[in-house]
Amino acid sequence: MSEHITRSAWPDPPNYYKRYTDKNLELLKEAKEKNQFPKEPITLPSIPEFYLESLEPPQPPTSEYTVFDQKWQIQDQLPTLSELGVKQLFKEGDIDRVQELKRLNRILITQFLQLLETLVTNPEEFGKYIENISTIFINMHHILNAYRPHQARETLRLLMEDQIEKKRQRAEELRAKTKETLSFLQNLQQE
């Protein structure tokens, strides 16, 4: 005989919502005005005791926040290669990304061919070529990632233009149907 368990599609709110009574909120308001919080915890039936300060919402993050043990910046910016501890293979400042990517690609192919040659002649010395290839790939990815905000803006612009065009087409179709219906009704009225 199995026992049927009924569960709600929408779970109950966390138990601590019971702390936010009118009386406790009034106490919090008074404590904030006096800038003096009571030292003893508040005890209510059916919930664990708590301190009045815990009713205060947390301060919004100003520079970074943590989600699942990973730190995220408020201002989403690409860290520099030096911050990542990687050697930068292109010059600082404004660069021609296409030319730099082509240059790094040629260097990458050269390093790969040297790696193959080293694996044939002296396999123990492959490490430095693997490290060089890794550094080149990280530099290439960094250049591409610096282009992401521009790519996002362009994608959004194209999506919006497409939406505008579709709306114009639908409006034109609606006008044509409306004219057709009006002309049909006028013909019926004349007959």
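Values quoted throughout were computed directly from the atomic coordinates according to the rules given, and no laboratory measurement underlies them. Treat the numbers as computed from the prediction; the structure is a model and nothing was measured. Every residue, glycine among them, receives a Cβ derived from its backbone with ideal geometry; neighbour counts consider all protein chains shown.
Side notes on the structure shown:
- Of the GluC sites (Glu not before Pro) found in the range 1-100, those that fall in a DSSP loop while having at most 14 other beta-carbon atoms within 10 Å are E3, E92.
- Exposed loop sites are taken as chymotrypsin sites (Phe, Trp or Tyr not before Pro) in a DSSP loop (any state but H, G, I, E or B) with at most 16 other beta carbon atoms within 10 Å; the longest stretch of the chain without one runs 69-125.
- Labels on offer are [x] 2.03; [y] 1.02; [z] 0.92, and the one holding Cα Rg over 2.2 N^0.38 Å computed from this structure is [x].
- Relative contact order %, the range 86-189, counting alpha carbon pairs below 8 Å whose residues are six or more apart: 27 percent
- The range 1-85, Cα convex hull volume normalised per residue, Å³: 260 Å³
- Global geometry of the range 7-56, whether rounded, prolate or oblate, following the gyration tensor of its Cα atoms and the 1.5 cut on a/c: prolate
- All lysines inside 28 Å of K71 as judged from Cα atoms, apart from same-chain residues fewer than 8 positions distant: K87
- Of all lysines in the structure, the ones whose alpha carbon falls short of 22 Å from that of K177, not counting any fewer than 8 places away in one chain, are K166, K167.
- Nearest-0.05 FRET efficiency for E100 and E154, computed from C-beta distance (R0 22 Å): 0.65
- In straight-distance terms, cross-link reach from K128 covers every one of the aspartates and glutamates whose alpha-carbon lies under 20 Å from its own, apart from those fewer than eight places away in the same chain; here that gives E117.
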